[in-house]
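Read-outs throughout are calculated quantities, based only on the coordinates presented, and are distinct from any laboratory measurement. Bear in mind that the values here come from a model prediction, so they are computed numbers and not experimental data. Virtual Cβ from ideal backbone geometry, glycine too; neighbours counted across all protein chains shown.
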Amino acid sequence: MLKPGTEAIVNRYCENEPAIAAIHKSLTQAVVVLAETFQRGGKLLVCGNGGSCADADHIVGELVKAFRIERPLDSSFAASLERLGADGKLLAQKLQGGLPAINLGSHTALMTAMDNDVGSEYVFAQQVAAYGQAEDVFLGISTSGNSRNVLLAGKPPRLRA
């Protein structure tokens, strides 16, 4: 179930973007899954190739750093930072309560090592196997729907795809 404010944001977005209104129910379900994932301490693992990798970067950026609605730091974390002195106080003022999300396409050294040693079709699956936990969600972006490395990354059963 969505918080009332979140549901209003989804509804307003669908009203402002008529093309999105057709997927209102699916969009709401996706937001619920992500909200529940973050509430139980999970993270979002995202990947794609080319422009889809850039989309993954954008999604991760919006979650790790607030876009329109500020997410303040947890008060106990902010207090622990402030106890560190001047730099800690500055961090407590400047940092935001980010949501844990990782673009699997941003690990260049790992990606090239996997490509060289094993094969590029396994690079995202390797990361899902290494980083993924049962409470996490995987989002694979493929414009064609046929990107083998993205499809294989959705196979490890440890998390929700």
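Shown here for the range 54-161: chymotrypsin sites (Phe, Trp or Tyr not before Pro) in loop regions (DSSP other than H, G, I, E, B) with at most 16 other Cβ atoms within 10 Å, namely F67.
Only the Cβ atoms of Lys and Arg (+1) and of Asp and Glu (-1) were treated as charged; on that basis the dipole of the chain about its Cα centre amounts to roughly 320 debye.
Lysine pairs in the range 14-161 whose alpha-carbon atoms fall under 23 angstrom of each other, counting only those eight or more residues apart or on distinct chains, come to 6.
Along the chain, the exposed loop sites are trypsin sites (Lys or Arg not before Pro) outside DSSP states H, G, I, E and B with at most 10 other Cβ atoms within 10 Å, and the longest stretch free of them is 84-161. Here the sum of -39500 (n - 2.57) over DSSP H runs of 4 or more residues, divided by the residues of the chain, equals -16000 deg cm²/dmol at 222 nm, to the nearest 500.
Rounded to the nearest Å, what's the spacing between the alpha carbon centres of the range 112-161 and the range 38-92? Just the number, please. Each part's Cα centre sits 22 Å from the other's.
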